[in-house]
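The values are calculated or read from the model by the stated rules, or taken from the named source; none is laboratory data. It should be emphasised that the depicted structure is a prediction, and the values quoted were computed from it without experimental measurement. All Cβ positions, even for glycine, are placed from backbone atoms using ideal geometry, and neighbour counts span all protein chains on display. Accessible surface areas use protein heavy atoms only, side chains included; no ligands, DNA or RNA. Shrake-Rupley method; radii C 1.70, N 1.55, O 1.52, S 1.80 Å.
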Amino acid sequence: MPLNVIILAAGQGKRMRSDLPKVLHPLAGKPLLGRVLDTARELGATKICVVYGHGGEQVRQALEAADVLWAKQDPQLGTGHAVLQAMPLLDAAHNVPTLILYGDVPLIRAATLRRLIDIAGDDTLGLLTARLDNPRGYGRIVRVDGRVTRIVEEKDADDAERTIHEINTGILVAPSAALARWLPGLGNRNAQGEYYLTDIVALAVAEGMPVTTAHPDAVWETEGINSKAQLAALERVHQRNVAEILMESGVTLADPARIDVRGNLVCGSDVSIDVNCVFEGNVKVDAGATVGAHCVLKNCHIGAGTRIAPFCHIENAVVGPDCIIGPYARLRPGTELGRDVHVGNFVEIKNSQIADHSKANHLAYVGDATIGSRVNVGAGTITCNYDGANKFRTVIEDDVFIGSDTQLVAPVTVGRGATLGAGTTLTKDAPPDTLTVSRARQVSLHGWKRPVKKT
């Protein structure tokens, strides 16, 4: 059915102690508001409106999208006033519900919201409430004979009301026509001098509209973020949830508390991940692969059976099956490795393709190169691909052996089966099946004395 979603995101967030608007602070690599927008889309919302204020155009520019409407709240006069700014942009038909979410409550789940929407239907005010052992700071749900009659904010509550443990999460759904009718009549005679959205509960009761409640599966779904400490706490909640899903799918995590997924990580069966690894963007790790400790993988695909040793960085790269990478290897954007490729310690590869069974095991830089099968790249080898203005390509054909400390000055081609002697600086194509050597003649000067420091 049609659904309006209003996301309140106008707050300043003073306790964040930051120039960045609160709703743009990242949780698992995505802005808080971006996560709430994703949830609204998952619900199939027909209209989504973000009410913004502090941070203004910075918030809009960061999350502008074709399916998002924007309403500015200036000045900020409370939650009821904020919702009122959005109503003219939405479908106000009576049978269209409007769901109210918050840009700083990033972990609310679509399943919980669907349950709330289903309970409320199109003619009932639905509240998402929770029970807390310590409800301090929250608005309380006041019931009479089990029925909700109103919500009282803690600053306005009396001693008896402060003993109530059922709290208002702020998330609610209401018929759009009723919201449009109630909001202009809200008052601000309260401790804050603001127009509280929660006052619509008493208005609904006065009209005889049913007020129903639903509850989240976990309290952390409804927790908001007002400080860096709260942001860090919810980050760990989110990462633990991700770790649980990975382990349920068959992934072995050395320590579920020490993994960070800042995007989408898809793993095959029997994948093993050691501690303190970071996964960003879209990462796919195929069956049987292992990722050593302290690795960073971003927007990459790791083939089945590949072993990644500790301290590797892999970004925008494709690694084939049964490869051995690292430790301390860096695969930069445009890297494509075939099957059984070995990339060892302190080897950097960029915008290059390396075919099956080739090796670069030590201290090499391979940039803008096409390397064939069964090639050995010796320690200290460099493809000199940049002349200060333009990039050039190096081609190394199958079965080539490149000796240590070799420089290949692109554009250059090394023919199939060729051997380059250690220390060669190659500036012209090397013919196939031939040894090519470029070295200065070795000279020893007898009787030479090393200079000594003058006193």
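Hey, does region 33-49 have a residue that's basic (K, R), assigned to a loop (DSSP other than H, G, I, E, B) and touching a residue at least 40 places away in the same chain (Cβ under 8 Å)? No, region 33-49 has no match at all. Just one of the listed residues (T434, T424, T394) is more than 22 Å from V341 (Cα to Cα), of a type in the set (S, T, N, Q) and either in contact (Cβ under 8 Å) with a residue 24 or more places away in the chain or crowded, with 18+ Cβ neighbours inside 10 Å (or both), namely T424.
Residues in region 267-277 that are buried (at least 17 other Cβ atoms within 10 Å of the Cβ) and of a type in the set (V, I, T): V271, I273.
With respect to the conditions (1) surrounded by 20 or more Cβ atoms within 10 Å (Cβ to Cβ); (2) in a strand (DSSP E or B), L69 lacks only one, and its number is (1). Among all residues of region 57-64, there is at least one that is open to solvent by 50 Å² or more (accessible area, probe 1.4 Å), more than 19 Å from V173 (Cβ to Cβ) and small (G, A, S).
A quick yes/no check of all residues on (1) in contact with a Leu (Cβ under 7 Å, 6 or more places away or on another chain); (2) outside any strand (DSSP E or B); (3) within 25 Å of A110 (Cα to Cα):
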site	(1), (2), (3)
V261	no, no, yes
N264	no, no, yes
F279	yes, no, yes
H294	no, yes, no
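Residues in region 286-323 that are open to solvent by less than 30 Å² (accessible area, probe 1.4 Å), within 19 Å of I349 (Cβ to Cβ) and among the hydrophobic types (A, V, I, L, M, F, W, C): how many? The total comes to 13. Somewhere in region 30-38, is a residue modelled with pLDDT of 95 or more, in contact with a strand residue (DSSP E or B) (Cβ under 6 Å, 6 or more places away or on another chain) and under 30 Å from R115 (Cβ atoms)? Yes, some residue in region 30-38 is modelled with pLDDT of 95 or more, in contact with a strand residue (DSSP E or B) (Cβ under 6 Å, 6 or more places away or on another chain) and under 30 Å from R115 (Cβ atoms).
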